[in-house]
Amino acid sequence: MPRKRPKPEADETGGTIRISSGEFRGRQIECPQTGGVRPMLSRTRMALFNLIRDRLKDVIVWDCFAGSGLLGIEALSQGAAFCVFIERESVHARTVQANLKSLGLGSRSSLIRGSVFDLAKPGVPRLPHTPAGVILLDPPHAMFADRDSLFWPWLRSLKETALLDSNTTVAIGHPAELTVPAEGGLNVTDSRKYGTVAFTLLSVGAE
């Protein structure tokens, strides 16, 4: 039987999510109620940003499966200089845009509607705001189930794109039962589990 999603926390109900810390701590943003957005729970989110906070200061972040824009906004709240939000679905992209506007983040962000699998792959011309200092990947968990899905070949080829260099940290949110492999020149530097969800950090050449 499928594992049940943990009970939503108080800041993840009613279509809004609360920013956990930093400049916008306590501010609420909208979350699309389409069934296609699964916000990272606050306990997991806070643990992730506690680990990467020192890497965020004044860097460029890419939030590649933006949904509501939650992770990228958390990164901006904690000192990132700029964030590129990638979102394929139009309803979700409009929500990201509205959230950025409500927080006055227009000058510190850009939103691209499309698939990161097409936008950042080997052979594609370099996009603005690359390479990234931190890449945030929290895709729909169904993407992890099939090793032949678009996600895994894209991750293996990420080192060959303009999005990543030797200083980039990649953070992946995923189901707890999944072990993210070290491949494609990316090595695991940390991994934490919280109930049914987890995150893994990777970087180039780290042991």
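Only one of these conditions is not met by LEU100: (1) of a type outside the set (Phe, Trp, Tyr); (2) free of Cβ contacts under 8 Å to residues at least 60 places away in the same chain; (3) within 23 Å of THR200 (Cα to Cα). Which number is it?
LEU100 satisfies every listed condition except (3).
Given the options LEU127, LEU105, LEU136, name the one that is farther than 30 Å from GLN28 by Cβ, surrounded by 15 or more Cβ atoms within 10 Å (Cβ to Cβ) and not hydroxyl-bearing (Ser, Thr, Tyr). Spell out how you get there, then give the answer.
On the way: LEU105 fails: farther than 30 Å from GLN28 by Cβ; LEU136 fails: farther than 30 Å from GLN28 by Cβ.
Going through LEU127, LEU105, LEU136 in turn, the sole match is LEU127.
Surrounded by fewer than 21 Cβ atoms within 10 Å (Cβ to Cβ) and closer than 20 Å to ARG88 by Cα: does that describe PHE151?
Details: surrounded by fewer than 21 Cβ atoms within 10 Å (Cβ to Cβ): no; closer than 20 Å to ARG88 by Cα: yes.
When the stated conditions are applied, PHE151 does not pass them.
Do we have any residue at all in region 155-163 that's crowded, with 19+ Cβ neighbours inside 10 Å, assigned to a loop (DSSP other than H, G, I, E, B) and either in contact (Cβ under 8 Å) with a residue 60 or more places away in the chain or β-branched (Val, Ile, Thr) (or both)?
Yes, there is a match, as at least one residue in region 155-163 is crowded, with 19+ Cβ neighbours inside 10 Å, assigned to a loop (DSSP other than H, G, I, E, B) and either in contact (Cβ under 8 Å) with a residue 60 or more places away in the chain or β-branched (Val, Ile, Thr) (or both).
Listed here are the residues, each with its yes/no results for (1) in a loop (DSSP other than H, G, I, E, B); (2) at pLDDT below 95; (3) on the phi < 0 side of the Ramachandran plot; (4) touching a Gly at 6+ places or on another chain (Cβ under 9 Å).
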position: ARG5; (1), (2), (3), (4): yes, yes, yes, no
position: ASP11; (1), (2), (3), (4): no, yes, yes, no
position: GLY14; (1), (2), (3), (4): yes, yes, no, no
position: SER21; (1), (2), (3), (4): yes, yes, yes, no
position: LEU71; (1), (2), (3), (4): no, no, yes, yes
position: GLU74; (1), (2), (3), (4): no, no, yes, yes
position: VAL84; (1), (2), (3), (4): no, no, yes, yes
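Taking region 23-62 as the search range and keeping residues that are of a type in the set (Lys, Arg) and part of a helix (DSSP H, G or I), which one is farthest from ALA98 (Cα to Cα)?
Initially, region 23-62 is screened for residues of a type in the set (Lys, Arg), giving 25, 27, 38, 43, 45, 53, 55, 57.
Adding the requirement that they be part of a helix (DSSP H, G or I) leaves 43, 45, 53, 55.
On the way: ARG43: 25, ARG45: 22, ARG53: 25, ARG55: 27 Å.
Going through the qualifying residues, I end up with ARG55.
So ALA182 ticks every box in (1) in contact with a strand residue (DSSP E or B) (Cβ under 9 Å, 6 or more places away or on another chain); (2) under 30 Å from ARG27 (Cα atoms) but one. Which box is left unticked?
Result: ALA182 fails condition (2) only.
Given the structure, is ILE112 crowded, with 16+ Cβ neighbours inside 10 Å, outside any helix (DSSP H, G or I) and β-branched (Val, Ile, Thr)?
Values: crowded, with 16+ Cβ neighbours inside 10 Å: yes; outside any helix (DSSP H, G or I): yes; β-branched (Val, Ile, Thr): yes.
Criteria met by ILE112.
Does at least one position in region 30-51 carry a residue that is of a type in the set (A, V, I, L, M, F, W, C), farther than 29 Å from GLY195 by Cα and in contact (Cβ under 8 Å) with a residue 24 or more places away in the chain? Talk me through it step by step, then tell me what you get.
In the first step, residues of region 30-51 are kept if they are of a type in the set (A, V, I, L, M, F, W, C); the result is 31, 37, 40-41, 46-49, 51.
Now narrow it down to the ones that are farther than 29 Å from GLY195 by Cα: none.
No, region 30-51 has no match at all.
The values are calculated or read from the model by the stated rules, or taken from the named source; none is laboratory data. Since this is a predicted model, take the numbers as computed values, not measurements. So basically every Cβ, Gly included, is an ideal-geometry build from the backbone, and we count neighbours across all protein chains shown.
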